[in-house]
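Following: one structure in structure tokens, then a few remarks.
Readers should treat all values here as calculations from the given coordinates under stated rules, not as data from a laboratory. Since the model is a prediction, treat every value here as computed from it, not as a measurement. Using ideal geometry, Cβ is built from the backbone for each residue, glycine included, and neighbour counts are taken over all protein chains shown.
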């Protein structure tokens, strides 16, 4: 198939490169259209790479993050657009401080939903990816990203909702992107043990409490995309204010990742077409568009 369209909805610049990036790069390389919708500008993000915490960066951080995003999109071979909302920041402390008045997480859902509906009706994606109800992790913008994405999935198809936002469009499938897979790290550790080498993420794995569960139980769809892991990592490094090149994202060599776990994981959350689980293609079933809609329960 060709000419299919994938929209990935993300909260901040850099999220697209750490969640499903190799999948997007694969589909773009295969000739499909891929659009990243970035909901906020990441204005309140911290500078997490010490090498970038220098004069001339922090005082123009919004502009720098836009430049980084443009570079990452070019590396992945995808298009990208901004929804224009303001980063909420990650509140810390006990009790947590209130969110800033101008932030995305406090924008009325109807307003942010309409903005995303407008992009959906313009791009007309067959498939969307977003975050689950927990946001992947409990950042207020990630949780809001989930809420807005799911609301826009329904509203974009309804001609009575937001009639000035374009012609109605039915997104056929929505997926949650799942990157925090415990089993993946366990297999990496087994490979290091087999080689008689120290696993660089051993302490991180120890802190992962077993009772927290493993998102692998929710995964319905695995996309083989190991050949595009180098693009994923280069796109991550392009977000130089947020990604330390010496950090945990790059601790396990690519050749081990490509050998042991060459896939990215997704959960089919909503579908209007029939498909069979497990899947190995986000577009599975899309050639049957026009059949009777069948919502995933």
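Geometric descriptor of segment 91-142, per residue, is 96 Å³ (volume of the convex hull of the Cα atoms).
Normalised by 2.2 N^0.38 Å, where N counts its residues, the alpha-carbon radius of gyration of the chain equals 1.00.
Here segment 115-194 and segment 66-91 have alpha carbon centers that stand 16 Å from each other. Computed from the Kirkwood radius of its Cα pairs, the Stokes-Einstein diffusion coefficient for segment 67-194 at 10 °C and 1.306 mPa s stands at 94 µm²/s.
Grouping the Cα pair distances of segment 202-275 into 10 Å bins from zero gives a pair-distance distribution of 15, 34, 40, 11, 1 percent in increasing distance order.
Model label points for residue 182 and residue 154, set 7 angstrom from Cα along the Cα-to-Cβ axis, are 3.2 nm apart. Counting every alpha-carbon pair across segment 1-41, the share separated by more than 17 Å comes to 28%.
Shape class of segment 1-130 from the alpha-carbon gyration tensor: oblate, with a/c at 1.5 or above and b/c at least as large as a/b. Note on the chain: helix-only mean residue ellipticity at 222 nm, from DSSP H runs of 4+ residues weighted -39500 (n - 2.57) and normalised by residue number, equals -9500 deg cm²/dmol. The convex hull around the C-alpha trace of segment 146-263, projected and averaged over every direction, spans 10.5 square nanometres.
The length gained by stretching the chain between residue 276 and residue 101 to full extension, at 0.36 nm per residue less their Cα-Cα distance, is 58.5 nm.
Counting only DSSP beta bridges whose two residues both lie in the chain, roughly 35 percent are antiparallel. Taken along its principal axes, the alpha carbon cloud of segment 134-186 reaches lengths of 49, 24, 11 Å, longest axis first.
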